[in-house]
1. Among the residues of region 92-123, count how many are more than 25 Å from Gly166 (Cβ to Cβ) and open to solvent by less than 20 Å² (accessible area, probe 1.4 Å).
2. Name every residue in region 192-248 that is within 14 Å of ligand 1 (Cβ to nearest atom), assigned to a loop (DSSP other than H, G, I, E, B) and closer than 30 Å to His179 by Cα, in order of residue number.
3. Is there a residue being more than 16 Å from ligand 2 (Cβ to nearest atom), under 30 Å from Asp245 (Cα atoms) and assigned to a strand (DSSP E or B) anywhere in region 44-52?
4. Name, by its number, the condition in (1) more than 24 Å from Val34 (Cβ to Cβ); (2) surrounded by fewer than 14 Cβ atoms within 10 Å (Cβ to Cβ); (3) of a type in the set (D, E, K, R) that does not hold for Arg260.
5. Among the residues of region 254-265, write down those that are over 19 Å from Ile188 (Cβ atoms) and charged (D, E, K, R).
6. Within the bounds of region 243-256, is there any residue that is within 22 Å of Pro113 (Cα to Cα) and within 13 Å of ligand 2 (Cβ to nearest atom)?
7. When you look at Arg44, is it farther than 18 Å from Val66 by Cα and open to solvent by 20 Å² or more (accessible area, probe 1.4 Å), yes or no?
8. For region 32-41, enumerate the residues that are part of a strand (DSSP E or B) and surrounded by fewer than 22 Cβ atoms within 10 Å (Cβ to Cβ).
Amino acid sequence: MYEIVAREDFSDSTFLLEVKYPLLAKAARPGQFVIVMSNADGERIPLTIADFSPERGTVTLVIQAVGKTTMEMQRRCIVGSALYAMVGPMGKPSEISKMGKVACVGGGLGVAPVYPQARAFKQNGAYVIGIVGFRSRDLIFWQRKFEDVCDELIICTDDGSAGIKGLVTDGIAMAVDKHPDIDEVIAIGPPVMMKFCAEATRARDIKTTVSLNPIMVDGTGMCGGCRVSVGGEMRFCCVDGPDFDGHQVDFDELMRRLTRFREDERAALERWQRNPGCRLEQEPTASE
Ligand SMILES: Cc1cc2nc3c(=O)[nH]c(=O)nc-3n(C[C@H](O)[C@H](O)[C@H](O)COP(=O)(O)OP(=O)(O)OC[C@H]3O[C@@H](n4cnc5c(N)ncnc54)[C@H](O)[C@@H]3O)c2cc1C
Ligand code: FES
């Protein structure tokens with residue numbers, strides 16, 4: 001069991017859990033993820049390691065409650081409670097090369113997982129430009145953490161209530177106009193955001209790395225559930241990624257595959273909402 005030692009709610013749907021797991025905190029590298037079960041009967045879900053502290057022996061996850069399992073976690077995971085299982089670190093660590101200048105771009109929930117990269121690039125001596133996007137000022141989180149590791153921070157909000165009014169792609173345009181010598185852009189967020197970040201850098205041929213989030217099952221390269229097309233080749237995100245060259249990824253296919261189980265996901269959520277405590281309710285009925 002993995003004790004939850006801290007929790008912070010960033011909004012109605014987004015929350016942070018800091019989990020005690022000293023071995024994992026020591027082994028984790030930027031870009032890696034864990035697979036978590038919140039309870040013995042629960043689904044295994046992949047979550048990016050948003051921060052890790054070998055000193056505190058903890059791993060930090062930032063979670064958006066979008067369906068049955070993440071909403072159940074939002075309700076159940078309080079300080080002092082524990083996750084039933086947590087496996088990791090999984091996936092290949094991000095390549096933190098000795099770049100001169102990098103832009104680390106996070107949109108919405110993607111702001112959290114891009115933080116370890118920004119910190120690692122800074123520790124490696126790079127000039128780091130952080131570009132973070134939120135719908136509005138009240139949804140901003142980790143501004144201070146980013147300021148501590150970035151040489152410049154561009155905050156973008158959809159409604160203009162903080163920073164510049166616009167999307168992270170507007171932030172990228174600003175950054176590359178000011179710094180034509182940016183060596184690499186790292187973009188993490190919803191697939192559609194990563195797709196447009198890759199398009200924003202394609203014409204200038206700036207290396208662009210994205211972190212993909214297809215549906216995963218085992219996370220060990222055996223089931224094929226997480227396959228993605230990159231440069232016309234099939235890759236397994238869990239073992240070959242999650243980082244890939246954004247200019248080579250078939251984002252349209254990724255987005256199509258993410259909707260494959262929408263009906264089942266909706267039914268599972270409805271069953272759980274009808275009776276969150278009842279395990280029998282969680283099983284599909286014959287009519288479903
Ligand atoms: C490498 C990786 C890292 C991720 N990191 C984070 C993170 O840091 N924070 C976060 O909130 N979410 C993260 N996700 C997405 C998260 O795993 C899903 O939101 C979660 O599994 C949804 O489960 P649910 O039962 O709440 O919702 P559901 O209703 O089951 O699904 C909602 C949507 O989530 C996606 N999803 C569902 N099941 C899975 C699955 N087994 N694997 C991947 N995606 C799934 C699908 O797009 C689906 O339409 C990550 C996914 C991957 C692959
Ligand atoms: S999740 Fe099964 S192969 Fe990647």
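The values are calculated or read from the model by the stated rules, or taken from the named source; none is laboratory data. Remember, predicted model here, so these are calculated numbers, not experimental data. Don't worry about glycine lacking a Cβ; one is built from the backbone with ideal geometry, like all the others, and counts go over all protein chains shown. Protein only, heavy atoms only, side chains kept; ligands, DNA and RNA dropped before computing areas. Shrake-Rupley method; radii C 1.70, N 1.55, O 1.52, S 1.80 Å.
1. 3
2. Leu212, Asn213, Gly241, Pro242
3. Quick first cut of region 44-52, residues more than 16 Å from ligand 2 (Cβ to nearest atom) only: 49-52.
The next check asks that each one be under 30 Å from Asp245 (Cα atoms); those that pass are 49-52.
Next cut, assigned to a strand (DSSP E or B) only: 51-52.
Scanning region 44-52, I find at least one residue that is more than 16 Å from ligand 2 (Cβ to nearest atom), under 30 Å from Asp245 (Cα atoms) and assigned to a strand (DSSP E or B), so the answer is yes.
4. Among (1) more than 24 Å from Val34 (Cβ to Cβ); (2) surrounded by fewer than 14 Cβ atoms within 10 Å (Cβ to Cβ); (3) of a type in the set (D, E, K, R), Arg260 violates only (1).
5. Let us first name the residues in region 254-265 that are over 19 Å from Ile188 (Cβ atoms), namely 256, 259-265.
Within region 254-265, Arg256, Arg260, Arg262, Glu263, Asp264, Glu265 qualify.
6. The first filter runs over region 243-256 and keeps only residues within 22 Å of Pro113 (Cα to Cα), leaving 243-251, 254-255.
The next check asks that each one be within 13 Å of ligand 2 (Cβ to nearest atom); those that pass are none.
Scanning region 243-256, I find no residue that is within 22 Å of Pro113 (Cα to Cα) and within 13 Å of ligand 2 (Cβ to nearest atom), so the answer is no.
7. Values: farther than 18 Å from Val66 by Cα: no; open to solvent by 20 Å² or more (accessible area, probe 1.4 Å): yes.
No.
8. First pass over region 32-41, keeping only residues part of a strand (DSSP E or B): 33-37.
Residues satisfying the conditions are Ile35, Met37.
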